[in-house]
Structure formats: C-alpha cells, structure tokens
Amino acid sequence: MSQDVYPVPIEWAEKARVDKAAYDAMVRASLEDADAFWLDQARRLDWITPPTKANESSFAEEDFAIRWFADGELNVSANCLDRHLATRADQVAIIWEPDDPAAEPRRITYAELHAEVCRFANVLTAQGVKKGDRVTVYLPMIPEAAVALLACARIGAVHSVVFGGFSPEALAGRITDCDSRIVITADEGRRGGKTVPLKANVDKAAAHTPCLKSVIVVKATGGAVTMSEGRDIWYHEAAASVPATCDPTPMSAEDPLFLLYTSGSTGKPKGVLHTSGGYLLWAAMTFETVFDYHQGQVYWCAADIGWVTGHSYIVYGPLANGGTSLMYEGVPNWPDASRVWQVVDRHQVEIVYLAPTALRSLMKEGDHLVTATSRKSLKLLGTVGEPINPEAWRWYHDVVGEGRCPIVDTWWQTETGGHMITPLPGAHALKPGSATAPFFGVEPYLLDPEGKRLEGKAEGNLVIARSWPGQMRTVWGDHDRFFQTYFTTYPGYYTTGDGARRDEDGYWWITGRVDDVINVSGHRMGTAEVESALVLHEDVAEAAVVGMPHDVKGQGIYAYVTLNAGVEPSDALRKTLVQWVRQEIGPIATPDAIQFAPGLPKTRSGKIMRRILRKIAEGDTSAAALGDTSTLAEPAVVEDLVANRVG
Ligand code: WT7
C-alpha cells in the first residue's frame, strides 16, 4: 500500500461490528446472492407484513423501475418509535442543544417522542391531511422538526422539507411543484445568535402558492408574527386538544415517505422521491454499520434537517436503531470556533459527523480552541458532503481525535438515500481524502466518456450498475426526467454526476462533479439556478455561473454577467446583483465573485464554452489551460475575460 495509510486500530479490528473478513464475506453475499442477502437484512425492520421479494428493479428503458420489498408492509414511525417502547421507553432519543449556549438543552425520551409524534399526527389529521398528501416542512433545528417528519410518516403523508435558509421565492416553488396544501413552520428560527423570519417568509411565499390552504406554526422564539385567520394555526393550541396516541397507518414498502428538492445541472430543482421500506432499511443499516453504533452511545450529526443528511442521519437512521441523536440548533462557529467541541464535552458525544467545510472553518481559527476542550468521549469521526482535503482530514484525525478515532469519509447523494462508498471503521485502513470502498450491495464502476468500463487503477465517471434499497424512486411529477437524468448518459447504469478515481490498492477517491453542479460548503447548487436568478434582474442580459476554488467553502460561486445595452458596470451594481441572488434563492447561493463580461465565449452554434469560463475562474489562464479557442465565434472575448478576471 502507498505511504499515507492509517491502519485499523487493534481494538476496532477486534470489537467493531464488521471487520475485514466480515466485510469481504458480506460484500460477496450482497452481490452474488443479493435477494437472499437483502431479505435477511430486511429483518432489521419491524414489518406488518414481511416482504417475500427483494429487488425488482431494472435500469433498462423497456422495463425501467426501481422497486424493493414491494409486497412488504410497515410503518416508518412505528419502526422509529413504537418498537422501542418495550425496551427503552425512558432512554433519551433526542438531545437538543440550543443555539444559545446559556440556554437549557432538552432531553426527549422515546416515550415522550412517541407521545409528541402521535399528537402532531393527530393535529395533521384534524387539518385534513391524508395518506399520500404532501406536507411542506419549513422549520428551524428544533425537536419539533423531527416530530413533524415522524408525524407525517405515521399517517402516510409525504413530507417535503425545505431548508430554513431558502428564500420565500424558493419555498414557493417547492410548495407549488408538489401541490402541497399545508406548511409546517415556526415563528422564527435561531442560528448563530440571529433570528430567521420563517413565518414571515411563509407569508411572502403564500402570495404565489394558490394550493396552500393551511399553515401550522410552532412557537420557537416567541417573536411576533401575523396569523392569518382561517389559514394559520398555532401548533401548541391545536395539540392541547388531541390525544397522545395515534395508530400508525400501514404502508406498502413502496409507498412514498418523503420528497426532498435538490439541484441538478439543468432546470429547476427536482423533487427526489424516497419510499418507505427500502429507504428506511438503507438508513438504518448504514447508520449502524458505518458508525459502528452501539446502544447508549450519544451520536451527533451536525447537518440541518433541510438536507438529506439530516433526514437519514439525524432522524431515520439513529431512531430506527433506538439510538440517541443529538440535534443542534446553531452553527459550528458561534459564539466561537470551540462550540462544536464544547457541545461534544457537554453531552459526552462519542460519534460526530461533520462537513469538511465546517472543519476547515474551525481549523483556521487555531488548535487552541480545540485543545481547550477534553473530547475524551469521542470514538469515531465522520465527514460528508464534499471531498475532504488531506490537510483537513489530518487535522480532524490528529488534533480533534488525538489520533485515536477512525474517520469515515462517507460519499453519497440525496438520490442514494444513504452512504454508498465509505470506509467501515473496523474493516478498512484509511487514506486521508479517500471515500475508500463500496457499501454492501453497491456495485460502482468507472466509465470513460464512451461508456467503456475502466479496470484497475483509473479515473472516470462514477456510475452504479445495480439498484440498492435506498435508491430514489422517481422525480416528483416527472418520471421521464428521472430516467433521462440518471439512466441515459450510460445506458444500464445509474449516473452519479461525480467523477472518481480508483488507486493501486482499489481505494475510491471522489474527484468532484462532472456536470454543471457545484458544491458550496457541502451544499449542492445548480449553476443554472443561479444563472436564472441573475437574468431575472432587469439590468442583466446574460449570465454564466461556474465554480471557483474556495479555501473554506470548497467551491465558491463565480458569475460572469453581461449587462443590457446602456447599463454601466459598477461596484454598486455588483452588490445589488449579489443581494438579488440571495433574495431569489437564499444566502447559500451568494455569488463570491461577479465579473462583468461584454461577451461570453460561445461556439458558432451559440453554446457557452464553460470549460474556458471554469479555467478563468480558477485563475488558470495559460494557453494550455484554455485550450483550443479557435472554434469560438469571437475568440477575442476570451482575452477580455482573462484581462478582467475578478479575484
Ligand atoms: C454530492 C451530493 C451526501 C449527503 C449530503 C450532500 C458530493 C457528498 C461526498 C464525499 C466527496 C461528496 C458529491 C455528491 N459529496 N459526499 N464524502 N466526498 N464528495 O448530498 O446535496 O445530494 O450532494 O455531494 O459531489 O454527488 P447532495
């Protein structure tokens, strides 16, 4: 093996749920005798009717379908709550750490969570919500967010969580797309000492969403809100008059559980649909195996519930395993960059799961903020969302974990439901920056642009050759788009949109997106979305957006903007456009650089040559990097772009 390798610590090799021999045997079984393997694994869940069939999926156009455990029946909330009551009713299910470090944390037991979920489910039913209805959830990181999700699952409603950082415009688009009659929100959210006007945002969104009929408002901060008569109700008032029991609705394994909107390379965000049985099994199994979770451990995933990471690894994975999941209201670096480690000490967290962008922002504030805390409770560290640079990896391992804790660098996507390529801490020696090895049942390949499989040490397009239980089932309202987006580039494969490399030891390294999606602070952003927002501004004629390297965020947003004739470029206009995009999409889409460009490099057929724009944004303006510009309609525009690069 190549030099920079961290062997499996002896105690992990001895005690972990899965060691190297078990990993190898289970990988083989999951691929060679897949249906038997998955029917056996399905027994992790509590079924009303156990499935007799496992995988009935096909990636081929003629019989295209993603289907798992189709004759099984279960209820997801019963799997996360009711089945634990006999053995661990008084165990803490959710520890809530508030934004304000001086405020009291909350500890919610399985019995309490069960009662609250039943109440919330009854409130939803009283509002007319039925099985299959879409419920939009626009909440801050408060326990009611987990309660709302489980309440939907209890009555078979399909939740669609919209991240609290999204603008009213973005929220409205997501409400309308899935024809959601109801929104669950809070008066305000709290993050890093600031408040977020969630209810006011819903009010603004409601002006563009005729389908929206009712709004349930959770009192979180007590801030002032306007309640609209006949449409808005307070959750605490409605909950006071409903019982704390509610029978879980039996669901087919293939009944929808949730929708989550995510950015692609074209068009508006798509509603990724996950169903009940396969998704829950995948979340539960990956959670227990990858984090080597044992009963009683305090586990903390610092993601927001607005992203799939929050769904699978704050709510469904941990609770399906009867675990204790810490939920944090705030941001990692507030009041200062030691907060994360203080929270670890306060709650004796054993497993922590963070994004590389958070690590990089904490790392640059200096080691003293880490070493001032104990962190003795930590046993395992995880990362997710973007490639981790080896420097941040080593800092996490050596400084945060004091060399004692393995790191699981988990590669996956909203579409995959849960972990796909990741080390298992008892099975794999680690290489900083490598996502390491496929999880059970995952069959990845690297393809060249012609679709030929690359063997051995190679780099190419990352595809998956067969379905796995956690795979998304469709794009809401557009099954054809689902097929076109993921299964036509390389027929017979699921195309991930990522590039990857396999090294001489067979380790997998994710190199980043190969499409027009960029990864800003671990959040996925379609460049087309930012472009659409920019061209909505009256002064903008045309815009092209690409990623640029960014020390903390991984990638930043670099926008080339062509103004309408007669409009003069200025710093003031630049600021206006930055504000404009924030207002259209949300702060996560804030452009880091805007370059006014009299023209964009286009082919004679009018196609923007993004390859050139990417290179200029990266600051790589050598002739070799820019490549052949002779096919451009106006080669001179490139010189202007290079001369006026921002940064
Ligand atoms: C994209 C998916 C995974 C849940 C949160 C993001 C990138 C994700 C890794 C990793 C390198 C990663 C990929 C992927 N990504 N994890 N460990 N190493 N890249 O979910 O918003 O659907 O984004 O995030 O580019 O395609 P998402």
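The values are calculated or read from the model by the stated rules, or taken from the named source; none is laboratory data. Values in this document were obtained by computation on a predicted structure and should not be read as measured data. Here the Cβ positions follow ideal geometry from the backbone for every residue, glycine too, while neighbour counts run over all protein chains shown. To get the accessible areas, we keep the full protein, side chains included, count just its heavy atoms, and leave off ligands, DNA and RNA. Shrake-Rupley method; radii C 1.70, N 1.55, O 1.52, S 1.80 Å.
Quick one: in the range 516-568, of everything that is within 16 Å of the ligand (Cβ to nearest atom) and either charged (D, E, K, R) or more than 23 Å from the chain's Cα centre (by Cα) (or both), which residue is least open to solvent (accessible area, probe 1.4 Å)?
E529
If you go through the range 154-186, how many residues are surrounded by fewer than 20 Cβ atoms within 10 Å (Cβ to Cβ) and part of a strand (DSSP E or B)?
Adding up the residues that qualify gives 0.
Could you grab me the full set of residues in the range 383-408 that are open to solvent by less than 10 Å² (accessible area, probe 1.4 Å) and under 18 Å from T511 (Cβ atoms)?
T383, I388, A392, W393
Across the range 379-389, which residue is farthest from the chain's Cα centre (by Cα) among those that are away from the ligand (no atom under 11 Å from the Cβ) and closer than 24 Å to S521 by Cα?
L380
From the list G441, G456, G426, exactly one residue is surrounded by fewer than 16 Cβ atoms within 10 Å (Cβ to Cβ), part of a loop (DSSP other than H, G, I, E, B) and more than 16 Å from the ligand (Cβ to nearest atom). Which is it?
Working: G441 fails: surrounded by fewer than 16 Cβ atoms within 10 Å (Cβ to Cβ); G426 fails: surrounded by fewer than 16 Cβ atoms within 10 Å (Cβ to Cβ).
Only one candidate qualifies: G456.
Restricting attention to the range 187-230, report how many residues are part of a strand (DSSP E or B) and either within 22 Å of the chain's Cα centre (by Cα) or β-branched (V, I, T) (or both).
9
I'm trying to understand the selection: among the residues of the range 623-636, which are under 19 Å from A597 (Cα atoms) and in a loop (DSSP other than H, G, I, E, B)?
T629, A633, E634, P635
Just to verify a result, which residue in the range 406-423, among those that are in a loop (DSSP other than H, G, I, E, B) and in contact with a His (Cβ under 7 Å, 6 or more places away or on another chain), is nearest to L359 (Cα to Cα)?
Filtering first and then ranking leaves W412.
Being at pLDDT below 95 and either among the polar types (S, T, N, Q) or open to solvent by less than 20 Å² (accessible area, probe 1.4 Å) (or both) is the filter here; which residues of the range 223-269 pass it?
Residues satisfying the conditions are S263, G264, S265, T266.
Return only the number of the condition from (1) in contact with a His (Cβ under 7 Å, 6 or more places away or on another chain); (2) within 16 Å of D516 (Cα to Cα) that A617 does not satisfy.
(1)
Does the range 351-394 hold any residues that are hydroxyl-bearing (S, T, Y) and under 30 Å from G296 (Cβ atoms), and which are they?
Y353, T371, T373, S374, S377, T383
Of the residues in the range 187-200, how many are out of contact with any strand residue (DSSP E or B) (no Cβ under 6 Å at 6 or more places or on another chain) and open to solvent by 20 Å² or more (accessible area, probe 1.4 Å)?
7
Output the residue which, of all residues in the range 390-405 that are in a loop (DSSP other than H, G, I, E, B) and on the phi < 0 side of the Ramachandran plot, is farthest from the ligand (Cβ to nearest atom). Steps first, please.
The initial filter retains those residues of the range 390-405 that are in a loop (DSSP other than H, G, I, E, B), namely 401-405.
So of that shortlist, the ones also on the phi < 0 side of the Ramachandran plot come out as 401, 404-405.
Working: G401: 17, R404: 22, C405: 17 Å.
The extreme case among them is R404.
The rows are residues; the columns are (1) in contact with a strand residue (DSSP E or B) (Cβ under 8 Å, 6 or more places away or on another chain); (2) farther than 24 Å from A303 by Cβ; (3) in contact (Cβ under 8 Å) with a residue 40 or more places away in the chain; (4) among the charged types (D, E, K, R).
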residue: F440; (1), (2), (3), (4): no, no, yes, no
residue: Y445; (1), (2), (3), (4): yes, yes, yes, no
residue: E450; (1), (2), (3), (4): no, yes, no, yes
residue: R453; (1), (2), (3), (4): yes, yes, no, yes
residue: A458; (1), (2), (3), (4): yes, yes, yes, no
residue: M472; (1), (2), (3), (4): yes, no, yes, no
residue: V475; (1), (2), (3), (4): yes, no, yes, no
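Whether any residue in the range 496-509 is open to solvent by 10 Å² or more (accessible area, probe 1.4 Å), among the hydroxyl-bearing types (S, T, Y), within 15 Å of the ligand (Cβ to nearest atom) and under 27 Å from Y313 (Cα atoms) is what I want to check.
yes
For a quick check of your reading: which strands (runs of 3 or more DSSP E) sit entirely within the range 516-585 and have at least 1 residues that are of a type in the set (D, E) and without any contact (Cβ under 8 Å) to a residue 60 or more places away in the chain? Please lay out each step first, then the result.
Numbers: elements: 517-520, 523-526, 540-550, 554-563.
Hits in the range 516-585: 540-550.
Output the number of residues of the range 301-333 satisfying the condition of being away from the ligand (no atom under 16 Å from the Cβ), closer than 18 Å to T383 by Cα and hydrophobic (A, V, I, L, M, F, W, C).
Going through the range 301-333 one residue at a time, the tally reaches 3.
Looking only at the range 627-647, filter to residues that are modelled with pLDDT under 90 and touching a Lys or Arg at 6+ places or on another chain (Cβ under 9 Å); which one of those is least open to solvent (accessible area, probe 1.4 Å)?
Initially, the range 627-647 is screened for residues modelled with pLDDT under 90, giving 627-636, 647.
Next, only the ones that are touching a Lys or Arg at 6+ places or on another chain (Cβ under 9 Å) stay: 627, 631-634.
On the way: G627: 33, T631: 66, L632: 2, A633: 57, E634: 120 Å².
Only one residue tops the list, namely L632.
Just give me the residues in the range 477-487 being surrounded by fewer than 18 Cβ atoms within 10 Å (Cβ to Cβ) and either among the charged types (D, E, K, R) or in contact (Cβ under 8 Å) with a residue 24 or more places away in the chain (or both), in sequence order. Write out each step before concluding.
If we filter the range 477-487 for residues that are surrounded by fewer than 18 Cβ atoms within 10 Å (Cβ to Cβ), which is where we start, we get 477-481, 483-484.
Once the filter is applied, which keeps residues that are surrounded by fewer than 18 Cβ atoms within 10 Å (Cβ to Cβ) and either among the charged types (D, E, K, R) or in contact (Cβ under 8 Å) with a residue 24 or more places away in the chain (or both), the range 477-487 yields G477, D478, D480, R481, F483.
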